[in-house]
Amino acid sequence: MTSLPLKSSYKKPHKAGIGRFFVLAALLIALLVVLLPFAIVIINAFKTPEDYATYGPLSWPTEWSIDGIVEFWQRVDYSQKLLNSLLISASVAVIGVLLSLLNAFALGIGRIKGRIWLLILFMVANTLPQESLVYPLYYLSKEFDLYNTRFVVILIFSVIQSAFGTYLLSSVFSTFPKEMLEAAMLDGCNKLQLLFKIIVPVSRPTLAVLFTFFFIWTWNEFFLPLILLISNDRQTVPIAVGVLQGQRNMEATLSSASALLGILPCFIFFLIFQRTLTKGIAAGSVK
Amino acid sequence: MLLKRSTNRGYWWFLLPGLILFVLVIAIPFLMNIGTSFTHWQGVGTPKWAGLDNYARLFRDSTFWASFRNNLAMLVAMTIVPTLLGLLLAAVLYDYITNKFGSRTASFFRAAFYLPQILPVAIAGIVWAWILHPNYGALNGLLETLGLENLTRNWLGNRQTALPSVMVIMVWFQLGYPLVIFMAGLQRIDPEIYEAAVLDGADWFDRFRYITVHLIRPEIFVVLLTTTIASLKVFGQIYVLTRGGPGSSTLVPSYFAYQNFFEKANIGYGSAISTVMTVIIIALTIFFIRRQSAEEL
């Protein structure tokens with residue numbers, strides 16, 4: 001995000017004064033408070049338990065050790081959790097975008113009858129608290145032998161995310177230039193070609209934002225995966241870290257290592273996706 | 001006009017997969033949940049019809065009301081405080097830091113304050129559960145280092161401090177969201193308005209009150225709506241930090257529903273709790289959106 005400088009606001013004559021350094025100092029203190037938890041997690045994740053016991057949480061590590069990280073990694077089979085999270089999030093992002101696209105094509109471009117009601121339906125679904133769906137989903141997935149499968153989690157989140165995607169894309173598509181659609185129809189495009197040859201290429205930036213949102217939202221999900229995925233080899237990163245936290249007798253350094261391993265993937269996604277995200281947040285806020 | 005009704009018919013096919021899945025994954029479970037809220041059910045066997053029993057019990061249940069009060073505390077910590085702080089910070093960064101220290105400094109601050117937002121809620125909770133841990137946590141360690149032993153306590157395990165601690169954590173977690181949205185909103189304001197105000201002798205606080213807050217009202221609406229809903233749904237942080245305890249001092253309705261579903265096997269009662277929360281959330285959404293469209297007219 002730092003790589004995107006703000007559009008500079010108005011210029012006015014600089015008054016020399018020390019007042020501005022007070023403001024800056026206050027901001028820096030606030031910043032320190034916000035970032036301190038990250039700093040504490042990082043330095044303690046690399047300490048040995050003895051080092052921690054002797055010097056406490058705030059000292060610099062006497063020697064940098066990755067024992068805690070390695071131990072946590074092996075204890076929860078972290079590679080498997082990463083793989084599960086990646087598989088689930090990426091599948092949801094792809095299927096969710098595809099479903100949103102098809103829905104929005106019918107609602108925003110096709111302007112089918114009753115679209116207002118359908119849009120309201122999707123919008124309400126988007127605000128539903130998950131606890132109002134969780135028990136029936138748990139019950140039904142058991143009935144259909146889908147309980148504790150990554151497939152059912154992918155299916156559920158694809159639909160939940162596409163409720164938002166349908167709402168957003170429909171309003172984007174309803175402003176799609178009519179001339180372009182008509183020209184394509186005159187050239188003999190059928191609807192499928194219209195969607196994938198004209199509309200998809202033009203709206204690629206919006207689709208990229210949706211993909212990014214869906215991926216990160218699904219990665220961060222906690223409630224439904226906690227209930228639907230019980231076996232160790234199918235759980236996602238947040239669940240593995242969150243469930244381990246509940247266990248007693250966790251060493252402080254191990255706790256810290258688990259937090260660091262939970263933070264790292266999100267930090268990497270943030271760096272990869274930051275441009276799309278910044279654009280997306282801005283786009284979402286104008287509505 | 002080619003896109004008339006006759007050609008519109010074929011578009012229904014495109015809605016079919018989405019609509020079928022929507023019915024299976026959202027509509028049917030949602031209706032089932034409402035249905036079970038009128039029954040007594042342990043999750044096995046046949047649900048027994050109970051009429052409005054669960055709802056009557058809900059209104060008498062002091063635990064539910066406690067969870068609801070805690071939800072209002074979450075509203076303060078996730079919506080009200082972050083929105084106010086976010087407004088102030090956005091205005092300071094945009095209207096003060098950018099001018100005096102350059103836009104790079106301002107974007108650096110924005111990115112740093114946003115950082116907690118990229119974490120999964122559960123991970124954010126774990127970071128803090130560890131920092132606040134009574135035996136080996138960093139906060140008590142820090143207080144001891146500073147010679148303030150008598151201030152150390154079991155932050156999350158004590159009735160007096162558990163809820164305030166959770167609230168501070170939520171502010172920390174949420175602040176970046178309004179900040180980023182408000183700063184994006186400020187980008188579309190014409191700088192000349194500020195210049196004119198300065199020429200008219202408006203000081204920084206006048207500009208903040210009369211220009212900044214006024215012009216980014218749409219963004220404020222969006223932030224209030226989304227964070228209010230988020231605060232009514234909060235679950236992951238409570239699960240990781242306190243599991244609603246000690247007692248019911250940090251219990252929230254979503255966690256209370258979870259307990260009834262999966263720990264106490266009171267499916268009917270859990271469904272009633274979640275149905276009430278759903279009604280509140282939908283009513284709030286409608287209220288906000290009507291207010292917003294009324295403003296835009």
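Observations on the structure shown:
- Given charges at Cβ of Lys, Arg, Asp, Glu: the protein assembly as shown dipole, positive-most of B:Ile169, A:Leu58, A:Gln130: A:Gln130
- Placed amide H near B:Thr39: partners under 5 Å, 5+ positions off or other chain: B:Ala50
- Average beta carbon contacts from partner chains per residue of B:166-179, 10 Å cutoff: 1
- For the protein assembly as shown, the C-alpha radius of gyration sits at 1.02 times the compact-globule guess of 2.2 N^0.38 Å, with N the residue count.
- Most fluctuating residue given options A:Ser59, A:Ser132, A:Ser170, as computed from a GNM of chain A linking Cα atoms under 10 Å: A:Ser132
- Along the range B:242-254 the Karplus relation, 6.51 cos²θ - 1.76 cosθ + 1.60 evaluated at θ = phi - 60°, assigns HN-Hα couplings of 9, 6, x, x, x, x, 10, 6, 10, 5, 10, x, 5 Hz to successive residues, with x for each Gly and Pro.
- Across the range A:253-261, computed HN-Hα scalar couplings (Karplus, 6.51 cos²θ - 1.76 cosθ + 1.60, θ = phi - 60°) run 5, 5, 4, 5, 4, 5, 5, 4, 5 Hz from first to last residue, x flagging Gly and Pro.
- Accessible area per residue in Å² at 1.4 Å probe, computed on the range A:23-65: 52
- Based on DSSP H segments of at least four residues, each scored -39500 (n - 2.57), the protein assembly as shown has a per-residue ellipticity at 222 nm of -21500 deg cm²/dmol.
- Here the Karplus relation 6.51 cos²θ - 1.76 cosθ + 1.60, evaluated at θ = phi - 60°, turns the backbone of the range B:185-192 into coupling constants of x, 5, 4, 8, 7, 5, x, 4 Hz, with x for every Gly and Pro.
- Across every pair of non-identical alpha carbons in the range A:22-117, the mean reciprocal distance, once inverted, gives a Kirkwood radius of 18.5 Å.
- Legend: mean number of C-beta atoms from other chains within 10 angstrom of residue C-beta atoms, peptide B:107-113, equals 6.
- Estimated Rh, the range A:23-65: Kirkwood, alpha-carbon pairs, angstrom: 11.4
- Peptides ranked, highest mean first, by Cβ atoms within 10 Å: ranges A:102-112, B:237-247: A:102-112, B:237-247
- For the range A:73-94 and the range B:32-96, distance of Cα centres in Å: 31
- Spin-label pair B:Asn150/B:Val171, simplified geometry with 7 Å Cα→Cβ offset, distance in nm: 2.5
- Number of partner chain Cβ atoms within 10 Å, mean per residue of A:104-114: 5
- Placing +1 on the Cβ of every Lys and Arg and -1 on the Cβ of every Asp and Glu, with nothing else charged, gives the protein assembly as shown a dipole about its Cα centre of roughly 1500 debye.
- Candidates A:Thr127, A:Thr149, A:Thr218, ranked by Gaussian network fluctuation over chain A, Cα under 10 Å, top entry: A:Thr127
- Between A:Val94, A:Val33, A:Val134, the GNM of chain A built on Cα springs shorter than 10 angstrom shows A:Val33 fluctuating the most.
- For the listed peptides A:157-169, B:281-293, A:74-86, a ranking on the average number of other beta carbons within 10 Å per residue, highest first, reads A:157-169, A:74-86, B:281-293.
- Distance histogram for the range A:78-286 (every C-alpha pair counted, 10 angstrom bins, percent rounded to whole numbers): 8, 29, 31, 21, 8, 2, 1, 0
The values are calculated or read from the model by the stated rules, or taken from the named source; none is laboratory data. In this text, all values refer to a predicted model and were calculated from it rather than measured experimentally. So basically every Cβ, Gly included, is an ideal-geometry build from the backbone, and we count neighbours across all protein chains shown. Ligands, DNA and RNA are excluded from the accessible area calculation, which covers all protein heavy atoms including side chains. Shrake-Rupley method; radii C 1.70, N 1.55, O 1.52, S 1.80 Å.
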